[in-house]
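Asks: Below you'll find the structure I mean.
Each reported figure results from applying straightforward, stated rules to the coordinates on display, with no laboratory input. Values in this document were obtained by computation on a predicted structure and should not be read as measured data. Using ideal geometry, Cβ is built from the backbone for each residue, glycine included, and neighbour counts are taken over all protein chains shown.
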Amino acid sequence: MNYVVIVTRAAYGTENSSTALLFSRALIDSGHKLNSIFFYFGGVLNANQMIFPADDECNLVKYWEDFGFQFKIKLNVCISAASRRGVISDEQALRAGLQKGNLANGFKLTGLNELSEAIQKCDRIVQF
Amino acid sequence: MKSIAFIFSHAPHGTSFGREGLDIILSASLTIQDISIFFIGDGVFQLVKNQQPEIILSRNYASAFCILPLYGINKFYFYSDSLIERGFLEKDIFLLDIQILNTYVFQEKLSQCEGIINF
């Protein structure tokens, strides 16, 4: 089956994002199709490169990056939800007069039309 | 998926779910033909008229719900018990022409949708 996963909460504070990651891994392990993951609402904070937990803690941002890279899954971040929450690309940072953006590697800022199209094509939506 | 249900279950302004949820619906209306919107629990507050969120530094997005019919979205379902629990006894306090459904019909309408997204 073709799945779409939507992550609506930040990397730390609630369990939503880690459950979404474990679920997404399980989808791949069991042979399902997962083209892209959408980070929306507070979920855009999973793309914050500046998340820097202690060494003995999980770094979900890294885990998502590795997962996306390993299985060639697009990590889509809603651009307007992200800018409101302080997750911006280098180009946006330049325009805002900042030295550097903080969008983590492997994540892509996209519009909501990408999400709508993915929903249209999928068999199942799972929201975390 | 051809038919999607969007469910609002949070009051406006306390969280961003209402505003950002509405953004998804506006975008989805361009690609998904059959969209139904359900309001349950505190979600029934979303469509209340005469909101003044500027006073609490929030954005007034409620009027944007009114353009949904122009995008071909006309199914607005309210859960009757949620309205009664909150003392909403008149339909004309809401911005749109809503349909009030009892438990059975609400569940029935929801189960007819292929996908569900919650706000």
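Asks: Would you mind computing, in nm to one decimal, how far apart the modelled labels at A:THR19 and A:MET1 are, each placed 7 Å from Cα along Cα→Cβ?
Replies: About 1.7 nm separates the two model spin labels.
Asks: Based on the Cβ-Cβ distance from B:LEU70 to A:LEU98, what FRET efficiency comes out when R0 is 30 Å, to the nearest 0.05?
Replies: For B:LEU70 and A:LEU98, the calculated efficiency is 0.20.
Asks: A further question follows. Tell me, what HN-Hα J-couplings in whole Hz come from the Karplus equation 6.51 cos²θ - 1.76 cosθ + 1.60 at θ = phi - 60° for each residue of the range A:39-53, using x for Gly and Pro?
Replies: Karplus-based 3J(HN,Hα) across the range A:39-53 equals 9, 9, 6, x, x, 4, 5, 5, 9, 7, 4, 7, 5, 9, x Hz.
Asks: Quick one: length gained pulling B:ILE84 to B:VAL105 fully straight, 0.36 nm per residue minus the C-alpha distance?
Replies: Going from the current span to full extension adds 5.9 nm.
Asks: So, one more: List nothing, just return the count: lysine pairs in the range A:2-127, 8 or more apart or interchain, with Cα separation under 24 Å.
Replies: Lysine pairs satisfying the spacing and distance rule in the range A:2-127 number 16.
Asks: Quickly estimate the mean residue ellipticity at 222 nm for chain B, helices only: each DSSP H run with n ≥ 4 gives -39500 (n - 2.57), and the total goes over all residues, rounded to 500.
Replies: Estimated from H runs of four or more residues: -6500 deg cm²/dmol.
Asks: Return the percentage of antiparallel bridges among DSSP beta bridges fully within chain A, rounded to the nearest 5 %.
Replies: 5 percent
Asks: How large is ³J(HN,Hα), in whole Hz, for each residue of the range B:100-105 in order, when computed from phi with the Karplus curve 6.51 cos²θ - 1.76 cosθ + 1.60 and θ = phi - 60°, using x for Gly and Pro?
Replies: 9, 10, 7, 3, 5, 5
Asks: Label B:GLN112 and A:HIS32 with points 7 Å out from Cα along Cα→Cβ: what is the distance between them in nm?
Replies: 2.7 nm
Asks: Per residue of the range A:100-114, in order, report the coupling 6.51 cos²θ - 1.76 cosθ + 1.60 (Karplus, θ = phi - 60°) as ³J(HN,Hα) in whole Hz, putting x for Gly and Pro.
Replies: With coefficients 6.51, -1.76 and 1.60, one gets 7, x, 10, 6, 5, 4, x, 8, 10, 7, 9, x, 6, 4, 4 Hz.
Asks: Return the percentage of antiparallel bridges among DSSP beta bridges fully within chain B, rounded to the nearest 5 %.
Replies: Approximately 5 percent, going by the DSSP bridge assignments.
Asks: Ok, one more. What is the order of A:ASP29, A:ASP66, B:ASP23, fewest Cβ neighbours within 10 Å to most?
Replies: Lowest to highest Cβ neighbour count: A:ASP29, A:ASP66, B:ASP23.
Asks: Among B:GLU114, A:GLU91, which comes first, then next, by fewest other beta-carbon atoms within 10 Å?
Replies: A:GLU91, B:GLU114
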